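Since the structure comes first, as structure tokens, the remarks are kept for the end.
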Amino acid sequence: MSTPQVVVHRDKELMARAAAARLITKIVDAQAARGAASVVLTGGRNGNALLAALAESPARDAVDWARLDVWWGDERFLPDGDPERNVTQAAGLLDSVPLDPARVHPMAASDGPYGSDVEAAAEAYAAELAAAAGPGDHGRVPAFDVLMLGVGPDTHVASLFPEHPAVREQTRTVVGVHGSPKPPPTRISLTLPAIRAAHEVWLLAAGEDKAGAVALALSAPGELQAPASGAQGLSRTLWLLDRSAAAKLPRDLYPPASA
Ligand SMILES: O=C1O[C@H](COP(=O)(O)O)[C@@H](O)[C@H](O)[C@H]1O
């Protein structure tokens, strides 16, 4: 696993624009090298700000959107079209670029083919990931080019909350989450082993309310107490912050260029 790197931007708007530019470059490079690219989207304020910046960027036209696989790290298990669903909140981007619908992989809704059975919905997503994993991927999920995660004020990532059963999962790649401390209570989430199959994991945090979580997760506690600390990429783990979210980082963790 890779050692976390920290990048601090002036404010959350610049952070979103810079992360969008970084993502465009990664996708274009992966497509040039292999013909296709894969990303995992996150929900939450910072993930949505990044997607809005991506939709507005003139450089988005450099991406071959039809050769991009789009997955989600977690979903709120609600009816299709519910405004709280992460996929609904991503519509501003998804509807504005020419993606191949067969390469867009939302998690099931609570009124979808599995009804209210969140475990069945999680198993189905695990099967979809396994079917997409290639022989070189060394596992049951594709080696995503970039997997993005918003970091919650309690250090949760995806729907992996501190001390919750889902954060302890070592076998399955996708789980149903019950009793989430953040509404809604029922969710679907990739697990830490699935997250750690990505080449690059980017953790996004902006705003004062994230400062404690960022400092805690980067100060090497266990992943049960601070799930964000267990989210690492095979080749890169990047923390993309604004100054407010970086405010409580110990000086030795602060990148020299931002000091
Ligand atoms: O519930 C969730 O929360 C996190 C973080 O959200 P934020 O609004 O505090 O930035 C998000 O990344 C995750 O995907 C989501 O389902």
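We did not get these values from a lab; they are worked out from the coordinates using the rules stated. This one's a predicted model, so the numbers in the text were calculated from it and none came from an experiment. Cβ atoms come from the backbone with ideal geometry, glycine included; neighbour counts cover every protein chain shown.
Using the Cβ-Cβ distance between residue 224 and residue 62 with R0 set to 41 Å, the FRET efficiency from 1/(1 + (r/R0)^6) comes to roughly 0.50. Given +1 at the Cβ of Lys and Arg, -1 at the Cβ of Asp and Glu and no other charges, the dipole of the chain around its Cα centre is 760 debye to the nearest 20. Considering only alpha-carbon pairs that sit under 8 angstrom and 6 or more positions apart, the relative contact order computed for the chain is 25 percent. Remark: spin-label model distance residue 168-residue 33 equals 3.8 nm, labels positioned 7 Å along the Cα→Cβ axis. Whole-Hz Karplus values for the stretch 26-34 come out as 4, 5, 4, 5, 5, 5, 5, 7, 10 Hz, taken residue by residue from phi with 6.51 cos²θ - 1.76 cosθ + 1.60 and θ = phi - 60°; glycine and proline positions read x.
Straight-line cross-link partners of residue 210 among the lysines, defined as a Cα under 20 Å from its Cα and at least 8 positions apart when in the same chain: 12, 182, 248.
Hey, with R₀ at 35 Å, roughly what FRET efficiency would residue 2 and residue 119 work out to, going by the Cβ-Cβ distance, to 0.05? Calculated value: 0.65. Coordinate range of the alpha-carbon atoms in the stretch 1-124 per principal axis, descending: 41, 34, 33 Å. The stretch between residue 10 and residue 138 holds 42.2 nm of extra length on full extension. This uses 0.36 nm per residue minus the Cα-Cα distance. The amide H of residue 239, built 1.01 Å from its N in the peptide plane, has 5, 6, 7, 203 as neighbours under 5 Å, considering only residues 5 or more places off or on other chains. A Förster radius of 25 Å, combined with the Cβ-Cβ distance separating residue 254 from residue 209, puts the computed FRET efficiency at roughly 0.85.
Across the chain the C-alpha pair distances fall into 10 Å bins from zero in the proportions 8, 33, 39, 19, 2, 0 percent. 3J(HN,Hα) along the stretch 212-229, derived from phi through the Karplus expression 6.51 cos²θ - 1.76 cosθ + 1.60 where θ = phi - 60°, amounts to x, 5, 5, 4, 5, 5, 8, 9, 6, x, x, 6, 5, 7, 9, x, 4, 6 Hz, with x in place of Gly and Pro.
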